[in-house]
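No value in this document is a laboratory result; all are computed from the given coordinates. Just so you know, these numbers come straight off a predicted model, no measurement behind them. Every residue, glycine among them, receives a Cβ derived from its backbone with ideal geometry; neighbour counts consider all protein chains shown.
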């Protein structure tokens, strides 16, 4: 039999986490729930994974879990929670998609300058991120800066964002359109000079 003192000591010791309580296990559960399209279960599992994270699991893994929970929170209408998760994610590991997603939330909240900064960070990490160029153009439009908006729409169009092509055409400078509509100025022919030694034009005889 186990002595009473030893039994009491065992009861007082903190429980050792089981494999089911580990970060990796919760993250795997969350991914399985996502494949099954069970978003509430996925959200809970990602939250448990984040809570059970330890430094040995790696910052990149936690950042990924935060990004995925942020997307779930956003779909459920929890913009504040999603914004907090994206911010925590990019603090651990810079990611173009996380910056873009946070920028969209900031733009939705009317924080245009902050949104533009995040779109800049996104394209700095991925210069072929067409959606980030298009959304930065939208932010510039809100500020009334049509020149920068047109440039970003052209970038997005070149990268395959089709709706950006029409926007780029619509934002062409008005002066160019007006100059094309105006008829070209009429040029007057230069007056020819008579060569030296040539006779002057004859004068009319006086009557």
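State all residues of the stretch 122-133 that are in contact with a helix residue (DSSP H, G or I) (Cβ under 7 Å, 6 or more places away or on another chain), closer than 19 Å to residue 86 by Cβ and assigned to a helix (DSSP H, G or I); if no residue qualifies, say none.
Across the stretch 122-133, the qualifying residues are 122, 123, 125, 131, 132.
Are any of the residues in the stretch 93-106 more than 13 Å from the chain's Cα centre (by Cα) and crowded, with 16+ Cβ neighbours inside 10 Å?
Yes: the stretch 93-106 contains one or more residues that are more than 13 Å from the chain's Cα centre (by Cα) and crowded, with 16+ Cβ neighbours inside 10 Å.
Looking at residue 64, is it closer than 14 Å to residue 23 by Cα and either free of Cβ contacts under 8 Å to residues at least 60 places away in the same chain or over 15 Å from the mean Cα position of the chain (by Cα) (or both)?
yes
Restricting attention to the stretch 110-119, which residues are farther than 12 Å from residue 155 by Cβ and touching a helix residue (DSSP H, G or I) at 6+ places or on another chain (Cβ under 7 Å)?
112, 114, 115, 116, 118
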